[in-house]
Amino acid sequence: MFTGIVEGTGTVADVRTVSGGLRMRIETALAPLLAPGASLAVNGVCLTVVVTDGAHIVADIGPETARVTTLGGLRRGRRVNLERPLRADGRLDGHFVLGHVDGVGVVTEVRGEAESHWVTIQFPATLAAYFIRKGSVAVDGVSLTVAGLGEREFDIQVIPYTWQHTTLRDLRPADKVNLECDMIGKYVVRVLEAQKP
């Protein structure tokens, strides 16, 4: 379980194809705080740390994860958002984030307003029922509020602190992002679907 409050960013140092999918090496200041077997959200995707070596961690990405998230397209030098799991006695500052991506969105616009930035993201039609205006969404692992909502896209407004401390400032139109919809909303939709005759 995560919160969508990014602890820091890392840099992809290497991505290799292995028999089980992909193996990614990430340079991060969080490496000394992690051990093999630990969970780590990488751009909103829950991965297991398999190796740590001082300034780097290594995680495996299965074929399905590579297909349904943006991780399969990451290349050396790309920055990623990182978050360790929520401790049972920790504060929940964002919202409940599982690290299980629901779909991939596409950035259609990035624009500034005062010191903040607006980002418009197109989402897959299959996710439409899970978005509500002023609801929560995780974009590349960052907990954000849906500030505007259309039939197939939503807007987020990113405050200066989040802009400076996450990879959201790297986004450009046509970039793909991992989307995780609010868990509570997904359960509500599922309950209603199950009650249909």
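The values are calculated or read from the model by the stated rules, or taken from the named source; none is laboratory data. Just so it is clear, the structure is predicted and the values come from calculations on it, not from any experiment. FYI the Cβ positions are ideal-geometry reconstructions off the backbone, even for glycines, and counts take in every protein chain you see.
So which residues in the range 86-128 are closer than 12 Å to Ile156 by Cβ, β-branched (Val, Ile, Thr) and exposed (fewer than 12 other Cβ atoms within 10 Å of the Cβ)? Hits for the range 86-128: nothing passes. Reported count of residues in the range 78-98, each being among the aliphatic types (A, V, I, L, M) and part of a strand (DSSP E or B), is 3. Please specify each residue of the range 115-139 satisfying the condition of being of a type in the set (D, E, K, R) and touching a residue at least 40 places away in the same chain (Cβ under 8 Å). Scanning the range 115-139 gives a single hit, Glu115. Being of a type outside the set (A, V, I, L, M, F, W, C), modelled with pLDDT under 95 and in contact with a Ser or Thr (Cβ under 9 Å, 6 or more places away or on another chain) is a property that Gly21 has.
Within the set Val97, Val110, Val101, Val137, the sole residue that is at pLDDT 95 or above and under 19 Å from Leu40 (Cβ atoms) turns out to be Val101.
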